Amino acid sequence: MKYKLIIGTFYIPLIALAVVSQLYILMPVSTNLLLFVTHASADNIGLLTTFFGIFYAIGLIVWGSLSDKIGKDLTLIIGLLLLACVSFILPLLPNYYLLLLARSAQGFCAASFPPVALAWISINLPDSSKSKAISIISCAFLLAATIGQWLGSLLISNSLFYAMWFLGGIYACGATIFYVYHLKSEKNNLAVPSTTLISILSKLPTILINKKLFPVYLCSLFVLLGFVALYSVLYRSSLISHIPTLRSIGIVAMLFSLTASYLFKVIKPAYVLAIALCLMALTLLIQAFFINDQINTLFFLYLSHFIFIIGLAYAIPSMIVYVATQSEIKDRGIATSLYTCILFIGVSLGAFLPSLINPFILITALSLLLLLCAIQLIINLTLIIRN
């Protein structure tokens, strides 16, 4: 059990930070890539991140289904080894089109870790430590958006070797750790359930419309959508000069996710989520007025942004704990993967919608949708308790 606790509360969050950072690592260095990647241009260089994201979303469902068939340990070992191999090979490909293919494969392999690791935690750790581990890994997911960009700026100048080999080494070490645990685990003697990927994937509609899980799946669509859309809009607004300060404030607020496990001992995760959504809805609406230049008191902007990120920091672990505890053990991998996939769809929409919809209307609409998510969650919980 001590070995499990070390893996769940230290190694998994560290590996999760390294894995999710891949999504953001090329964003700040697009101009650098043009210097040493042949056939790359300002118009197509962004696809290296876009294709990573597309295949990441596809992989979430595939790997989650596979983990329910062959087990969590083997899935993590195979996924991390493949991710390490692709990461080591990727810097050797100076041609843009080969690099695009490698980034697609990298995104698919990266999807093997987050949902399966969350399912591993929910299965292997005791209830007393489960919430703490999920809070730490949630914080790692949130910090990856900043750490990934920082790593890219630091390690990528005239090649991808330093960045990819550094992260590839972490993935290889992670695969070794899970292999050692797999050898020690007594569960290796248990037979793997006889099932097929088709039968597992056929469960998706049933899990999606599950009366306990659907309200949280709906919330997961809008939580990161609101966060990413806000920053996308800020870059197009008169507040762009304040983004570094807002980002620093956000990093501090994200650390509050580490206290989620203690909060869950007092308040149930579903109610923490409802409160967090209400905070996000209110503060997002306030920031919409700043974006529309109707309010200009900077202290009020910083305070509302700080509270908004705190709401986000509690919403993510609340949803993870809820899905992990309310889903059936045999379906936990696919249920967690479905949650992560929907969350990632929200990220993609958050980056895309600001180019189509008026910023003030978009942010206002998202704040109202977050509030509606909180209301429907409370109504659903009330109905479940009555029944």
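The values are calculated or read from the model by the stated rules, or taken from the named source; none is laboratory data. Since this is a predicted model, take the numbers as computed values, not measurements. As a convention, Cβ positions derive from the backbone with ideal geometry for all residues, glycine included, and neighbour counts pool all protein chains shown. These area figures cover heavy atoms from the full protein model, side chains too; ligands, DNA and RNA do not enter into them. Shrake-Rupley method; radii C 1.70, N 1.55, O 1.52, S 1.80 Å.
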- Note on the structure: Inside the stretch 316-333, the number of residues satisfying the requirement of being aliphatic (A, V, I, L, M), in contact with a Lys or Arg (Cβ under 8 Å, 6 or more places away or on another chain) and crowded, with 24+ Cβ neighbours inside 10 Å is 1
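Scan the stretch 89-134 for residues that are among the basic types (Lys, Arg) and within 21 Å of ALA172 (Cβ to Cβ) and jot them down.
ARG103
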- Task: Sort out which residues of the stretch 21-42 are touching a residue at least 40 places away in the same chain (Cβ under 8 Å) and either buried (at least 22 other Cβ atoms within 10 Å of the Cβ) or not in a helix (DSSP H, G or I) (or both), and write them in order of number.
- Result: SER21, GLN22, LEU23, TYR24, ILE25, LEU26, VAL37, THR38, HIS39, ALA40
- Considering the stretch 292-315, residues that are of a type in the set (Ser, Thr, Tyr) and assigned to a helix (DSSP H, G or I), and then whichever is surrounded by the most Cβ atoms within 10 Å (Cβ to Cβ), we arrive at TYR314
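One residue is enough: does the stretch 43-62 have a residue meeting the conditions more than 28 Å from ALA260 (Cβ to Cβ), of a type in the set (Gly, Ala, Ser), open to solvent by 10 Å² or more (accessible area, probe 1.4 Å) and assigned to a loop (DSSP other than H, G, I, E, B)?
Here is the first cut: in the stretch 43-62, the residues more than 28 Å from ALA260 (Cβ to Cβ) are 43-52, 54-55, 58, 62.
Now restrict to residues that are of a type in the set (Gly, Ala, Ser): 46.
If we keep only those that are open to solvent by 10 Å² or more (accessible area, probe 1.4 Å) too, we end up with 46.
If we keep only those that are assigned to a loop (DSSP other than H, G, I, E, B) as well, we get 46.
Yes - at least one qualifying residue is present in the stretch 43-62.
Test ILE7 against the stated conditions and say whether it is open to solvent by 40 Å² or more (accessible area, probe 1.4 Å) and not acidic (Asp, Glu). Talk me through it step by step, then tell me what you get.
On the way: open to solvent by 40 Å² or more (accessible area, probe 1.4 Å): no; not acidic (Asp, Glu): yes.
No: the conditions fail for ILE7.
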- Note on the structure: Counting only residues in the stretch 335-379 that are open to solvent by 40 Å² or more (accessible area, probe 1.4 Å) and within 30 Å of LYS69 (Cα to Cα), the one modelled with the lowest pLDDT is identified as SER348
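Would you confirm, using the coordinates I've provided, whether ILE123 is at pLDDT 95 or above, in a helix (DSSP H, G or I) and open to solvent by 10 Å² or more (accessible area, probe 1.4 Å)?
Working: at pLDDT 95 or above: no; in a helix (DSSP H, G or I): yes; open to solvent by 10 Å² or more (accessible area, probe 1.4 Å): yes.
Against the criterion (at pLDDT 95 or above, in a helix (DSSP H, G or I) and open to solvent by 10 Å² or more (accessible area, probe 1.4 Å)), ILE123 does not qualify.
Please tell me if ILE70 is in contact with a His (Cβ under 8 Å, 6 or more places away or on another chain) and either closer than 19 Å to ALA111 by Cα or at pLDDT below 85 (or both). Full working, then the answer.
Values: in contact with a His (Cβ under 8 Å, 6 or more places away or on another chain): no; either closer than 19 Å to ALA111 by Cα or at pLDDT below 85 (or both): yes.
In short, no.
What do you reckon, is LEU183 part of a helix (DSSP H, G or I), at pLDDT below 85 and among the aliphatic types (A, V, I, L, M)?
Details: part of a helix (DSSP H, G or I): yes; at pLDDT below 85: yes; among the aliphatic types (A, V, I, L, M): yes.
Considered against the rule, which asks whether it is part of a helix (DSSP H, G or I), at pLDDT below 85 and among the aliphatic types (A, V, I, L, M), LEU183 comes out as yes.
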- Message: Consider the stretch 66-90. How many of its residues are open to solvent by less than 20 Å² (accessible area, probe 1.4 Å) and either outside any helix (DSSP H, G or I) or closer than 24 Å to ALA163 by Cβ (or both)?
- Response: 8
- Considering only the stretch 212-261, how many residues are open to solvent by less than 10 Å² (accessible area, probe 1.4 Å) and part of a loop (DSSP other than H, G, I, E, B)? 1
- Can you pull out the residues in the stretch 91-110 that are in contact (Cβ under 8 Å) with a residue 60 or more places away in the chain and either of a type in the set (Gly, Ala, Ser) or open to solvent by 10 Å² or more (accessible area, probe 1.4 Å) (or both)? PRO91, GLY107, ALA110
